[in-house]
1. Using a Förster distance of 22 angstrom, determine the FRET efficiency expected from the C-beta separation of Thr45 and Gln81, and round it to 0.05.
2. What list of ³J(HN,Hα) values in whole Hz, one per residue of segment 83-90 in order, does the Karplus curve 6.51 cos²θ - 1.76 cosθ + 1.60 (θ = phi - 60°) give from phi, with Gly and Pro shown as x?
3. Toward the positive end of the charge dipole of segment 1-128, about the Cα centre and with charges on Cβ (Lys, Arg +1; Asp, Glu -1), which of Pro92, Thr47, Ala63 goes farthest?
4. Could you give the longest part of the chain that holds none of the trypsin sites (Lys or Arg not before Pro) found in DSSP loops with at most 14 neighbouring Cβ atoms within 10 Å?
5. Quick one: go through segment 70-90 and flag any residue whose amide nitrogen is under 19 Å from the point 7 Å out along the Cα-to-Cβ line of Ile11.
6. Per residue, how much accessible area does the chain have with a 1.4 Å probe, in Å²?
7. If exposed GluC sites (Glu not before Pro) are those in a DSSP loop with at most 11 other Cβ within 10 Å, what is the longest stretch of the chain that has none?
8. Given Leu103, Ala134, Ile11, which one lies farthest toward the positive end of the charge dipole of the chain, if we put +1 on the Cβ of every Lys and Arg and -1 on the Cβ of every Asp and Glu?
Amino acid sequence: MPFMRLQVVAIDYLDRENFLRYGEIAEVLRADPGRAQRGEDEYRTLTRIASAGWRVSIHCVRARWTDALHSYDSRRLLTPQKGAVLLVVATPQRLEDVHLFLLDAPVVVNDGVPHALISLSAESLVQVTDAYDARAQSHSLRKALVPAGLWD
């Protein structure tokens, strides 16, 4: 077997600062203590986008690795539903400089941000909401990205 050179990429936690260049976490940023104390709901508009409609899909992720990222011409809401899944993101200018997040909260991925999903479970379900007429572009990676536990 040929010698394989491994590059370690850490899996990061989702937080506002870490994810800001790729999009945002779908959350109420600063909860109103008065509303919380009174038991009142809070509402936050994440974005306003003119479109021909929206599509809501369930993505059953079984991929255990990826050698490509995909970007869309629309913002996308990714909401984890079941299983453990990694969100792989990069900037359009530096595709090989990937950033991995454990997708344990809904996120809005900005338009044009290359990304992919990798399941750590047998399968994971992620709800995807994006523009009805969103178009995708595929970006091949020079090296496959494979989550690993132990190597001999």
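The values are calculated or read from the model by the stated rules, or taken from the named source; none is laboratory data. A quick note: this is a predicted structure, and the numbers were derived from the prediction, not measured. Don't worry about glycine lacking a Cβ; one is built from the backbone with ideal geometry, like all the others, and counts go over all protein chains shown. When the accessible area is computed, the model is the full protein with side chains, heavy atoms only, and any ligands, DNA or RNA have been set aside. Shrake-Rupley method; radii C 1.70, N 1.55, O 1.52, S 1.80 Å.
1. Numbers: r = 23 Å, r/R0 = 1.04.
Once the sixth-power term is evaluated, E becomes 0.45.
2. With the stated coefficients, segment 83-90 comes to x, 10, 9, 9, 9, 9, 9, 8 Hz.
3. Farthest towards the positive end: Ala63.
4. Numbers: sites that count: Arg5, Arg21, Arg30, Arg44, Arg48, Arg62, Arg64, Arg135.
The longest such stretch corresponds to 65-134.
5. Hits in segment 70-90 for Ile11 at 19 Å: 78-90.
6. Numbers: 10070 Å² over 152 residues.
In whole numbers, the chain has 66 Å² accessible per residue.
7. Working: sites that count: Glu40, Glu42.
Here the longest run is 43-152.
8. Result: Ala134, furthest along the dipole toward the positive end.
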